[in-house]
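Q: Structure below; questions to follow.
The values are calculated or read from the model by the stated rules, or taken from the named source; none is laboratory data. Since the structure is predicted, the reported quantities are computational estimates derived from the model, not experimental observations. Heads up, the Cβs are rebuilt from the backbone with ideal geometry, glycines too, and the neighbour counts pull from every protein chain shown. For accessibility, only protein heavy atoms count, side chains too; no ligands or nucleic acids. Shrake-Rupley method; radii C 1.70, N 1.55, O 1.52, S 1.80 Å.
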Amino acid sequence: MKVLMIIESLRDGGKQRRMVELLRVFSASKKYEVMVLFLKNSVHYEEIYNLPGVQTYYLERRFRSDPGVFYSFVREARKFEPDLVHAWGGLPAIVALPYVLFYRKPFVNGMIANSRLKLFSPEWFRVKCSFPFSDVIISNSEIGLKVYKVPERKKRLVRNGINFDRIVHQDSTEDIRNRLGIPRDKKIVGMVATIDWRKNFPMYVNAALSVLEKRNDTLFIIVGDGPDREKIEAMIPEEKKCHFFFTGKIHNVEEVVSLFDVGVLASYGEGTSNSLLEYMLFEKPVVATDVFGINEVVEDGVNGYLVPHDNFIEMGIKISRLLDNRILAVKMGKEGRKTVESGYSIGQMVAGYENIYKEVIRL
């Protein structure tokens, strides 16, 4: 089967990670020939270039709204002659649309990866343009399908898949601490996310400061980077800066997560968060906001705690409770691992996409 995929970039992100994990399996199976077209020359997952059976091509644009990108897509697609087209995002779906319509190719629209859709936003217009011509529309969460109002006959749910091999070849936590310069006597709370408004880092920082009012043994790690980093750093009082550690953009996210005593996610909304699944894979108890997407993964009081998105005090209380109660933290961590094993494996994710591909080709 020849599959043409288009995605906005290959930067570090949940959507990109899902695609790369899928391609790893496709490459190993030798049942697929895949071409990946991307619209921004931003590459984090460089391993994609070394996957047998996977071609890549950057659709260069002279400026953001360059109409030449439609011609470039058609040119490369005609060379490749795919059996189907799979768009990973709203803008990629629009770019693929002329080719899909003119050449009558099966079209898998995978643009839904969150739980918010603002009326008359660019994404809203992309929905209106692309959904009528999509054979199948995929979301990684139930709330995504609902918010985007996907027609019943077209909607498909494919949960994220987590690669369990990530924990097989980890260095010891002591070696990782030494390499990062993290003291061994500190408890560690961490949040993995792009530092922007959607992830609600002010809540995380305020919760951390409330914890530090009563204890001095905890380091709060922020894994990632983003446009709001300076703003978040400015929130931290000078005397408390020693209790915060910003990793910036890194490749070895799993190593840092393995150090956590508690994993936090303070987002205003998610599709399905890879960060949450990674915490749980490493058996870390979770404290997260009780919002759409997150509450499909976290069961309050079982594999973690859910708190209101505007209550940093409650978040701080729940973090402290887990830091103080090792038995409870271990129990929740093990329940989190069961959550990932039962519903978020790479195998079930790949099977979901494969079934959809076979379905649309038969249409």
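Q: Taking the stated definitions as given, is Leu212 among the hydrophobic types (A, V, I, L, M, F, W, C), within 28 Å of Arg24 (Cβ to Cβ) and either open to solvent by less than 30 Å² (accessible area, probe 1.4 Å) or out of contact with any His (no Cβ under 6 Å at 6 or more places or on another chain) (or both)?
A: Judged against the criteria, Leu212 is not a match.
Q: Still on this structure: Being hydrophobic (A, V, I, L, M, F, W, C), more than 19 Å from the chain's Cα centre (by Cα) and open to solvent by 60 Å² or more (accessible area, probe 1.4 Å): is that true of Ala207 here?
A: The answer is no for Ala207.
Q: How many residues, within segment 1-32, are open to solvent by 70 Å² or more (accessible area, probe 1.4 Å) and more than 23 Å from Lys199 (Cβ to Cβ)?
A: So the count comes out to 4.
Q: If I filter segment 180-196 down to residues being surrounded by fewer than 17 Cβ atoms within 10 Å (Cβ to Cβ) and free of Cβ contacts under 8 Å to residues at least 40 places away in the same chain, which single residue comes out as farthest from Asn252 (Cα to Cα)?
A: Among those that are surrounded by fewer than 17 Cβ atoms within 10 Å (Cβ to Cβ) and free of Cβ contacts under 8 Å to residues at least 40 places away in the same chain, it is Asp185.
Q: Pull up segment 336-363, narrow it to residues that are polar (S, T, N, Q) and open to solvent by less than 50 Å² (accessible area, probe 1.4 Å), then point me to the one that is modelled with the highest pLDDT.
A: Thr339
Q: Next question. Spot the failing condition for Thr56; the list is (1) within 19 Å of Arg17 (Cα to Cα); (2) crowded, with 19+ Cβ neighbours inside 10 Å; (3) at pLDDT 95 or above; (4) among the polar types (S, T, N, Q), and only one is missed.
A: Going through (1) within 19 Å of Arg17 (Cα to Cα); (2) crowded, with 19+ Cβ neighbours inside 10 Å; (3) at pLDDT 95 or above; (4) among the polar types (S, T, N, Q) one by one, Thr56 breaks only (2).
Q: Here's another thing I want to ask about it. Among the residues of segment 39-57, which ones are out of contact with any strand residue (DSSP E or B) (no Cβ under 7 Å at 6 or more places or on another chain) and either part of a strand (DSSP E or B) or farther than 19 Å from Phe80 by Cα (or both)?
A: Lys40, Glu46, Glu47, listed by residue number.
Q: OK, next. Those residues that are in contact with a Pro (Cβ under 9 Å, 6 or more places away or on another chain), open to solvent by less than 10 Å² (accessible area, probe 1.4 Å) and either closer than 19 Å to Lys331 by Cβ or modelled with pLDDT under 95 (or both), I need them from segment 261-281; list them, please.
A: Val262, Gly263, Tyr279
Q: Test Val36 against the criterion of being outside any loop (DSSP other than H, G, I, E, B), at pLDDT 95 or above, under 18 Å from Ala87 (Cα atoms) and in contact with a Ser or Thr (Cβ under 6 Å, 6 or more places away or on another chain), and give yes or no.
A: yes
Q: Whether any residue in segment 115-134 is assigned to a strand (DSSP E or B) and in contact with a strand residue (DSSP E or B) (Cβ under 7 Å, 6 or more places away or on another chain) is what I want to check.
A: no
Q: Hey, among the residues in segment 206-233 that are in a helix (DSSP H, G or I) and touching a helix residue (DSSP H, G or I) at 6+ places or on another chain (Cβ under 6 Å), which one's nearest to Lys249 (Cα to Cα)?
A: Applying the filter and picking the extreme gives Ile232.
Q: Given the conditions (1) touching a Phe, Trp or Tyr at 6+ places or on another chain (Cβ under 9 Å); (2) buried (at least 24 other Cβ atoms within 10 Å of the Cβ), which single one is not true for His309?
A: Tallying (1) touching a Phe, Trp or Tyr at 6+ places or on another chain (Cβ under 9 Å); (2) buried (at least 24 other Cβ atoms within 10 Å of the Cβ), His309 fails exactly one: (2).
Q: Now for a separate question. Only one of (1) open to solvent by 40 Å² or more (accessible area, probe 1.4 Å); (2) touching a residue at least 12 places away in the same chain (Cβ under 8 Å); (3) in a helix (DSSP H, G or I) fails for Gly333. Which number is that?
A: Answer for Gly333: the failing condition is (1).
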